[in-house]
Amino acid sequence: MIEEIALSLGYRMNPLVAALMTRIKSGRPINYQGTIAVLHDHLLEQRDDERPTAERFMAGALAGAGRHGFKADKFELNEVQKHPETFKRVLRARGIRGLVVLPPVTTKLELAIDLEDIAPVCIGYPVVSPELHRVAHHHHKSFSLVWRELAERRLRRIALVVDELVDDRVSNHWLASYFFHSHHQSVRERIPPFEHHSGLDSDTISRFAQWRSRYRPDVVVVAGTARIVLGWLQSLDLKVPNDLGVVALRAQSPDVTGIDQREEEVAAAAAAAVITNLLNNDFGIPSYPHLTLVPGRWVEGKTLKPGWTEHIRRCKLA
């Protein structure tokens, strides 16, 4: 009778309060607030160039949940997609109602999961259906930071090397940012981007060599990691940074100059968003999805000649 009246008045039980009362009765520690699920793609983790990023995302999600007293149970994305009903039964059995979806290997992912009683948040842009709350790297702000750093070094002929699949994964933010900034250059300094499909094949290397010879860039900004481009330059016997400067928009090595996308902080913010939604009883596919952007930071490696300010700093340290 009381439950029927409460439901008619629009009352919804807070799942965290219910879980807390259950723990009090069971004698378990109260500092444990609950568990969220984290979906990860093992196919991405098997790729040498993507594994470090995937590991940082996972570490950030676990740490972010832990800061709020939550545990995080890991689930393999492809298995969940094959057996969504089984996944939902497991979540119900474990009392899990929060979900973080880490970036998958595909550029476009449609989740097969029933999210009616789940508080989901995805990282990045690959999840295209349903439209969810998401946390992502601030690509445009990072590109603006790169452009400013290069301008301070008096570098004028700035070019973009973009893997089309990488740009698809970030909703074409890298290409859009490059066109925005290059639009303000003089016509003589504008260089069309070099677009490719992830490869060290001879045809791609030959196309790159012809493109470089024609447009003579001072520096190439790489959409993603620099691994493939550095391989091209090595095969062409070009020295970095003397022959050509290289900046990676996802710098994974301290030797590479570019942007630290701070994947741990991005994933931690996603976990925090899930927990906030749990506290607010915000379940299911949102009517008005939110986008939270986390800025990256500039890292000074060895693939770009230092500017005057950086040169002075290094001299002082020496």
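We did not get these values from a lab; they are worked out from the coordinates using the rules stated. Since we're looking at a predicted model, the values are computed, not measured. Neighbour counts are summed over all protein chains in view; Cβ atoms, including those assigned to glycine, are modelled from backbone coordinates with ideal geometry.
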Under Karplus coefficients 6.51, -1.76 and 1.60, residue-wise ³J(HN,Hα) of segment 132-144 in Hz, glycine/proline x:
10, 4, 9, 10, 9, 5, 8, 4, 5, 5, 5, 5, 5
What is the set of long-range amide H partners of GLY284 at a cut-off below 5 Å, with H atoms built 1.01 Å from backbone N?
ILE118, ALA119
Pairs of Lys in the chain closer than 25 Å at Cα, counting only those 8 or more apart or on different chains
15
Can you list the residues, at least 5 places off or on another chain, whose amide H is less than 5 Å from the amide H of LEU160, using H built in the peptide plane?
PHE194, VAL221
For 40-51, 233-244, ranked highest to lowest by mean beta-carbon neighbours within 10 Å, the order is 40-51, 233-244
Taking only C-alpha pairs under 8 Å that are 6+ residues apart, what is the relative contact order of segment 182-318 in percent?
22
Expressed as a whole-number percentage, the relative contact order of the chain with C-alpha contacts under 8 angstrom and at least six residues apart is 22
Placed amide H near VAL294: partners under 5 Å, 5+ positions off or other chain
ALA136, HIS137, HIS138
Overall dimensions of the chain as given by Cα atoms, namely Rg and Dmax in Å:
23.3, 81
Tabulate in residue order the Karplus-calculated ³J(HN,Hα) for segment 40-48, using 6.51 cos²θ - 1.76 cosθ + 1.60 with θ = phi - 60°, rounded to whole Hz; enter x for Gly and Pro.
10, 9, 5, 5, 5, 5, 7, 8, 4
Considering every Cα-Cα pair within segment 20-149, what fraction, in whole percent, is farther apart than 22 Å?
43
Of the chain, which part is the longest with no chymotrypsin sites (Phe, Trp or Tyr not before Pro) in a loop (DSSP not H, G, I, E, B) and with at most 14 other C-beta atoms within 10 angstrom?
33-318
Highest GNM mean-square fluctuation, the chain, Cα pairs closer than 10 Å: which of ILE259, ILE36, ILE228?
ILE228
Quick check on the chain: helices-only [θ] at 222 nm, where DSSP H runs of length 4 and up contribute -39,500 (n - 2.57) each and the sum goes over total residues. Nearest 500, please.
-13000 deg cm²/dmol
What does DSSP give for segment 176-318 in terms of the percent of beta bridges that are antiparallel, rounded to the nearest 5?
40
